[in-house]
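Before we start, here is the structure in question, set down as structure tokens.
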Ligand SMILES: [Mg+2]
């Protein structure tokens, strides 16, 4: 048992000794006594423990020494000629530079009043001569430990104050950014069910602009539910977007129409980014910009329509016809679908104008165009004014029989208008001649030939006596 303890000590003791001797040699203890033997004895005891000591034989020498180098501890004799230990202590305590140095008084006297005075003046402890070695060392180490802990505590307090100051600064900065922003800013934390699915979001940060939009105050919103808080319910459509930001880390960028009972609709541009188990979102009011954009889109749409309409008859104009026929020709070629085309002409229209005047002629064109539009019902079909009194109808994906049928229907529809034409050489009413061509395009650049074939059919219809439908194939 003893041998184990001995070997234990042999291994571990030198390490501990070395450490503490290293630490103690950095500690400087000033011994002040007018009696050199006392200094010598104390210096010997302390140096055996590894401490560094400096010495002074009078109060004034002690003050000079301290001015040159601040000690970690002062052992101070009370009874000294000229300047006693009490006065030295008072001076040290009066100076901010030295007031924190612990002082242990040394005295031969063991009388109570001296101890009380020593503590009153700020002494940390009191050692009575002759010294008990262990007691003296224990009291010195005690004071040094207290001193170290005090320094450590002061350092920690300093650090904490520094951190608090930084925290305060960053909070103030955040608050001023939030308060002065013209955008709505909010941060939400996810609320999850037992299976870890996000079922709601909780407001954790917001700013005055955002709070105003949901008719609340920044403080009142914190911890509220996004889905249950009445003011934030108009944001419900964003719920799935918010979830994607959190679960996939995707950045959310979208325009959103906010419709609440309290405000006229607001267009927001929304940007959301993941923030731990939640997200931060900014809402920018782009209503004005958006309304301008929509108005511009409407205006553009109207312009496009205007540019493609015949102003008199309100059917497509020749420009639109050319564009549409070209497009449909390419489509029919690629997909090998039949494309139907009808060209038609009001019979003896020149005589009509001569007889009834140009204004009546215009009314006649309007009515014929309206009858055609009413007859051609599919949205893909296009009725266009091809020239003067000539019209064209494009019938995508239409076989010969279908195109001829539409042509016959148009002819009947115009007859049913019963527009009088007393100078017509074939009837007392307005009549139409119609040429039909239907073709599955065999080449991309034969669109013109298809129109020419329909024109040939129209010519044939006129030659055959007008008021009829004639079909002419492009390829035979
Ligand atoms: Mg003395």
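Each value in this text was obtained by applying a stated rule to the coordinates, not by laboratory testing. As the structure is a computational prediction, the values presented were derived from the model and not from experiment. Every residue, glycine as well, gets a Cβ built from its backbone with ideal geometry; the counts of neighbours run over all protein chains shown.
If I ask for residues that are within 11 Å of the chain's Cα centre (by Cα) and either on the phi > 0 side of the Ramachandran plot or surrounded by fewer than 12 Cβ atoms within 10 Å (Cβ to Cβ) (or both), which ones from region 252-277 would you list? Can you show your working first?
First, pick out the residues of region 252-277 that are within 11 Å of the chain's Cα centre (by Cα): 252-254, 269-275.
Within region 252-277, 253, 254 meet the criteria.
Which condition does residue 447 not pass, out of (1) closer than 21 Å to residue 412 by Cα; (2) in a helix (DSSP H, G or I), if it passes all the others?
(1)
Right, next: Considering only residues that are part of a helix (DSSP H, G or I) and over 19 Å from residue 141 (Cβ atoms), look in region 22-58 and name the one that is farthest from the ligand (Cβ to nearest atom). Lay out the reasoning, then the answer.
Of all residues in region 22-58, those part of a helix (DSSP H, G or I) come to 22-25, 36-48.
From the residues that got through so far, the ones that are over 19 Å from residue 141 (Cβ atoms) too are 36-40.
Numbers: 36: 11, 37: 11, 38: 7, 39: 10, 40: 14 Å.
Among them, the one singled out is 40.
Okay, moving on. Quick one: count up the residues across region 98-116 that are touching a residue at least 24 places away in the same chain (Cβ under 8 Å) and away from the ligand (no atom under 16 Å from the Cβ).
Our first condition is that a residue be touching a residue at least 24 places away in the same chain (Cβ under 8 Å); within region 98-116, this holds for 98, 100-109, 114.
Add one more test, that the residue is away from the ligand (no atom under 16 Å from the Cβ), and what stays is 98, 100-102.
Of the residues in region 98-116, 4 are touching a residue at least 24 places away in the same chain (Cβ under 8 Å) and away from the ligand (no atom under 16 Å from the Cβ).
Another question about this same structure. Got a number for residues in region 404-441 being assigned to a loop (DSSP other than H, G, I, E, B) and surrounded by 16 or more Cβ atoms within 10 Å (Cβ to Cβ)? Before the answer, list the steps.
Filtering region 404-441 for residues assigned to a loop (DSSP other than H, G, I, E, B) gives 418-419, 421-428, 430-431, 440-441.
From the residues that got through so far, the ones that are surrounded by 16 or more Cβ atoms within 10 Å (Cβ to Cβ) too are 419, 421, 424, 430-431, 441.
The number of residues fulfilling the criteria is 6.
Only one residue in 355, 344 is more than 56 Å from the chain's Cα centre (by Cα) and not in a strand (DSSP E or B). Which one?
Values: 344 fails: not in a strand (DSSP E or B).
Only one candidate qualifies: 355.
Tell me the residue from 233, 297 that is out of contact with any helix residue (DSSP H, G or I) (no Cβ under 8 Å at 6 or more places or on another chain), closer than 24 Å to residue 210 by Cβ and surrounded by fewer than 17 Cβ atoms within 10 Å (Cβ to Cβ), please. Spell out how you get there, then give the answer.
On the way: 297 fails: closer than 24 Å to residue 210 by Cβ.
233 is the lone residue from the list that is out of contact with any helix residue (DSSP H, G or I) (no Cβ under 8 Å at 6 or more places or on another chain), closer than 24 Å to residue 210 by Cβ and surrounded by fewer than 17 Cβ atoms within 10 Å (Cβ to Cβ).
Hey, could you check region 374-389 for residues that are surrounded by fewer than 17 Cβ atoms within 10 Å (Cβ to Cβ) and more than 28 Å from residue 334 (Cα to Cα) and say which is nearest to the chain's Cα centre (by Cα)?
Among those residues, the one meeting the criterion is 374.
Restricted to region 73-97, and to residues that are part of a helix (DSSP H, G or I) and closer than 19 Å to residue 36 by Cα, which residue is farthest from the ligand (Cβ to nearest atom)?
The first filter runs over region 73-97 and keeps only residues part of a helix (DSSP H, G or I), leaving 85-94.
The next check asks that each one be closer than 19 Å to residue 36 by Cα; those that pass are 85, 88.
Numbers: 85: 8, 88: 12 Å.
Per the criteria, the residue is 88.
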